[in-house]
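Everything on this sheet refers to the single structure shown next.
The values are calculated or read from the model by the stated rules, or taken from the named source; none is laboratory data. Every value quoted in this text rests on a predicted model; they were computed, and no experiment measured them. Cβ coordinates were reconstructed from backbone atoms using ideal geometry, including for glycine residues, and neighbour counts include every protein chain displayed.
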Amino acid sequence: MSITLKTAADIEAMRVAGRLAAEVLDMLTPHVKPGVTTEQLDQLAHDHMVNVQGTVPAPLHYAPPGYTPYPKSICTSVNHQVCHGIPNDRALKNGDIVNIDITVITKDGWHGDTSRMFIVGEGSIAARRLCALTYEAMWKGVTMVRPGARLGDIGHAIQRFAEGQGFSIVREFCGHGIGRKFHEEPQVLHYGRPGTLEELVPGMVFTIEPMINAGRREIRELGDGWTIVTRDRSLSAQWEHTVLVTETGYEVLTVSAGSPAVPAFVDGTAAVAAAPVAD
Ligand code: MF3
Ligand code: CO
Ligand code: CO
């Protein structure tokens, strides 16, 4: 087992996979409103992937060792749900926050994995702050990516930023290498020490997907065998991009027309390659 390095052709194929995953989120965006059920969002996403894109939803029937097969095509994690929330028939209501996590498999077998936070209707100041801060935390990690940096640099940047503002980082789940497999080496921790762990080299592709809690970092798994929630029931947020290590830095692969503007601290030239910048 080791980290697979992607060739130029692999990278081109992963750009397509990444864009398609992001476009599922773009398509869902106008539907994330009070009254919609997460099952309806799952159905919309499933049909778009299968019938419009010709992609396969990677979560559907996904069964890593020790897990029962995942029953739906997307993950929807609401409020104190941290990740892997299973879409159901409950309606979203005004003020909810929801993470929608999309992973597609393209016809030629490549994965693209990305998630965004959505605020349903009008969110509280606390909810909006958590979502915004988690987005920035993800980008603090992304902007550490370049050849010669180490995985510990990514984790440290995220941890310092989030904990510095009194928020906590979930430790049991991490980013991951991705390619022909959904979850490959390496593990990308969202906490850590600078200068430690694997050195980044061009051609690596992995996700950065911090889960940040408003309260304590402890989590527990629900009886469905998938849904992870905060133990103290505090709000949790997550954002995810799939990122390529380039010769000079990084390229975010999960970008689309609807990608949110990058934070102001992200270098302008890198940002052009990464995502649309704000008007
Ligand atoms: N998309 C998640 C990730 O970012 C994994 C979801 S696994 C599932 O790694 F089975 F719950 F879909
Ligand atoms: Co992922
Ligand atoms: Co994901």
Looking only at the range 55-62, decide whether some residue is of a type outside the set (D, E, K, R), touching a Gly at 6+ places or on another chain (Cβ under 8 Å), at pLDDT 95 or above and not in a loop (DSSP other than H, G, I, E, B).
no
Within the range 221-257, which residues are of a type in the set (D, E, K, R) and either within 17 Å of residue 102 (Cβ to Cβ) or away from ligand 1 (no atom under 16 Å from the Cβ) (or both)?
231, 232, 233, 240, 247, 251
Considering only residues that are closer than 24 Å to residue 225 by Cα and surrounded by fewer than 24 Cβ atoms within 10 Å (Cβ to Cβ), look in the range 99-114 and name the one that is nearest to ligand 3 (Cβ to nearest atom).
101
Odd one out for residue 100 among (1) part of a loop (DSSP other than H, G, I, E, B); (2) within 16 Å of ligand 2 (Cβ to nearest atom):
(1)
Tell me, yes or no, whether the range 96-116 has at least one residue that is farther than 24 Å from residue 197 by Cβ, modelled with pLDDT of 95 or more, within 16 Å of ligand 1 (Cβ to nearest atom) and among the small types (Gly, Ala, Ser).
yes
Name the pairs: first residue in the range 53-68 and free of Cβ contacts under 8 Å to residues at least 24 places away in the same chain, second residue assigned to a loop (DSSP other than H, G, I, E, B) and hydroxyl-bearing (Ser, Thr, Tyr), Cβ to Cβ under 8 Å, at least 6 apart or on different chains?
60/70; 60/73; 61/70; 63/70
Of all residues in the range 20-51, which are closer than 19 Å to residue 78 by Cβ and touching a residue at least 60 places away in the same chain (Cβ under 8 Å)?
24, 25, 28, 29, 32, 33, 34, 38
Looking only at the range 76-91, and only at residues there that are in contact (Cβ under 8 Å) with a residue 60 or more places away in the chain and assigned to a strand (DSSP E or B), the one that is farthest from ligand 2 (Cβ to nearest atom)
81
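Of 215, 166, 225, which residue is more than 22 Å from residue 117 (Cα to Cα) and assigned to a loop (DSSP other than H, G, I, E, B)?
That would be 225, the only listed residue that is more than 22 Å from residue 117 (Cα to Cα) and assigned to a loop (DSSP other than H, G, I, E, B).
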Can you pull out every residue in the range 180-210 that is of a type outside the set (D, E, K, R), in a loop (DSSP other than H, G, I, E, B), within 13 Å of ligand 1 (Cβ to nearest atom) and surrounded by fewer than 22 Cβ atoms within 10 Å (Cβ to Cβ)?
182, 183
The one condition in (1) over 16 Å from the mean Cα position of the chain (by Cα); (2) surrounded by 15 or more Cβ atoms within 10 Å (Cβ to Cβ) that residue 12 fails to fulfil
(2)
Considering each residue of the range 28-72, count those that are more than 25 Å from residue 176 (Cα to Cα) and buried (at least 18 other Cβ atoms within 10 Å of the Cβ), and give that number.
4
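For (1) modelled with pLDDT of 95 or more; (2) farther than 19 Å from residue 128 by Cα, each residue gets a yes or a no:
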position: 231; (1), (2): yes, yes
position: 243; (1), (2): yes, yes
position: 250; (1), (2): yes, yes
position: 253; (1), (2): yes, yes
position: 259; (1), (2): yes, no
position: 271; (1), (2): no, yes
Please find, within the range 144-179, the residue that is surrounded by the fewest Cβ atoms within 10 Å (Cβ to Cβ) out of those that are closer than 21 Å to residue 6 by Cα and away from ligand 2 (no atom under 16 Å from the Cβ).
148
